[in-house]
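The values are calculated or read from the model by the stated rules, or taken from the named source; none is laboratory data. Note that this is a predicted model, so its numbers are computed, not measured. Every residue, glycine as well, gets a Cβ built from its backbone with ideal geometry; the counts of neighbours run over all protein chains shown.
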Amino acid sequence: MWSMKRLMPASLFGRLTLILVGGLFVAQFATFWLHMDERAILLQHGYSHMGGVPNKFWIHLGLTLTVVIAVALLAVRLVTRPIQRLAEAADAFGRDLDSPPMLETGLIETRRAAEAFNRMQERLRRLIAERSRALAAVSHDLRTPLTRLRLRADLVEDETLRAQIDADIADMQAMVDSTLDYLRGLRENEPLQSIDMNALLASLVADEEVIGHPVTLMGHADTPYRGRLTALKRAIANLVDNAIKYGHAARLTLEEDATTLRIVIEDSGPGIPEADLLRVAEPYVRLESSRSRETGGVGLGLTIARDAARLHGGELRLNNRPEGGLAAMLVLPR
């Protein structure tokens, strides 16, 4: 059974073709053996043969196979093409909420599937639009009382108490801002555009150098990358901030080939325990041994970077460096 599964093609196209061609072979040879008497008569009259079988049979079998295989390939293609279009539409919608709807044409089943997909797409768009409006209202409602608290804290005469209150308000403000950035999910209606990655990384490095952070940049991209500027800038900035906070320096490397753009941010910090590499990018996960709130962050920086990579069809890879420190790699397909 296991060997039979390995021999079966993985695609629906291949399996349907195999079934049709295999069925034809069985039918042809069954027909031949049902006419064994006719074969003997033909051989007695001097018909040429190969392996005891008249050559006309092989010619007939070859022509039949050629015609049936051609028709089978066309038929299977017509059956599987709508499934491929549905998969392509789903993949495009996963990367871009504003991707065009599917064409509601073709067979009845195909039209029904396209109509259902388009309805789902429209419902998701409405849901995300409503969530964005709710987030905007929550953002305003949360920032207003925080501002009032900060003004009232200035009236506290005890300097020690006032400093503690200001620190708590700053922590709350940071948590509110980070949480709202995460809840937006980087799914804002930001258009795709050609991004000069060399200029983007150089500007981030220059900003860090101005405030005295040791950041270096190596590598060069020969062609622009088509993506969402705000999402990518936020993701890279978060990774650079992490490298500086926990490794005191950041080394950026830009690599590319024909299909992929890679941005590597390395530090010389304590790294991350191997058991935590997979879960550290989950929301609100903070590793207290090296990444506590006192050193900055509320456990959303890596999550936002991971979501930005996924938004572009890529991924965020985290690995501990053999010489010490962490290497965070944004892998972005072109």
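LEU277: touching a residue at least 24 places away in the same chain (Cβ under 8 Å) and closer than 21 Å to ARG334 by Cβ, yes or no? Criteria not met by LEU277. Somewhere in region 56-73, is a residue loosely packed, with under 12 Cβ neighbours inside 10 Å, hydrophobic (A, V, I, L, M, F, W, C) and at pLDDT below 75? So far as region 56-73 goes, yes, one or more of its residues are loosely packed, with under 12 Cβ neighbours inside 10 Å, hydrophobic (A, V, I, L, M, F, W, C) and at pLDDT below 75. Only residues that are farther than 13 Å from ALA249 by Cα and at pLDDT 90 or above were counted across region 208-219, and they come to 2.
Go through region 79-126 and count every residue that is under 28 Å from ARG228 (Cβ atoms) and not aliphatic (A, V, I, L, M). Looking only at that region, the number is 20. Scanning region 310-334 for residues that are surrounded by 15 or more Cβ atoms within 10 Å (Cβ to Cβ) and either within 15 Å of ALA250 (Cβ to Cβ) or touching a His at 6+ places or on another chain (Cβ under 7 Å) (or both) returns LEU318, GLY325, LEU326, ALA327, ALA328, MET329, LEU330, LEU332. Going by what's in this entry, would LEU124 be described as surrounded by fewer than 14 Cβ atoms within 10 Å (Cβ to Cβ), within 30 Å of ALA309 (Cβ to Cβ), aliphatic (A, V, I, L, M) and modelled with pLDDT of 75 or more? So LEU124 fits the description; yes. Within region 188-206, the set of residues being over 19 Å from ARG334 (Cα atoms), out of contact with any Lys or Arg (no Cβ under 9 Å at 6 or more places or on another chain) and either among the polar types (S, T, N, Q) or at pLDDT below 90 (or both) comprises ASN189 only.
Of ILE165, ILE236, ILE244, which residue is modelled with pLDDT of 85 or more, assigned by TED's automatic domain parsing to the domain that holds ARG143 and surrounded by 13 or more Cβ atoms within 10 Å (Cβ to Cβ)? Result: ILE165 is the single residue among ILE165, ILE236, ILE244 that is modelled with pLDDT of 85 or more, assigned by TED's automatic domain parsing to the domain that holds ARG143 and surrounded by 13 or more Cβ atoms within 10 Å (Cβ to Cβ). Contact annotation: residue pairs with Cβ atoms under 7 Å, 6 or more positions apart or on different chains, pairing a residue in region 89-108 that is farther than 23 Å from ALA308 by Cβ with a partner that is at pLDDT 75 or above and loosely packed, with under 14 Cβ neighbours inside 10 Å, are GLU104/GLU115. Would you check which residues across region 282-325 are modelled with pLDDT of 65 or more and in a helix (DSSP H, G or I) and list them? Scanning region 282-325 gives GLY301, LEU302, THR303, ILE304, ALA305, ARG306, ASP307, ALA308, ALA309, ARG310, LEU311. Select, from LEU155, LEU103, the only residue that is under 30 Å from THR17 (Cα atoms), outside any helix (DSSP H, G or I) and modelled with pLDDT of 75 or more. The unique qualifying residue is LEU103. Residues in region 257-280 that are modelled with pLDDT of 90 or more and of a type in the set (D, E, K, R): ARG262, GLU266, ASP267.
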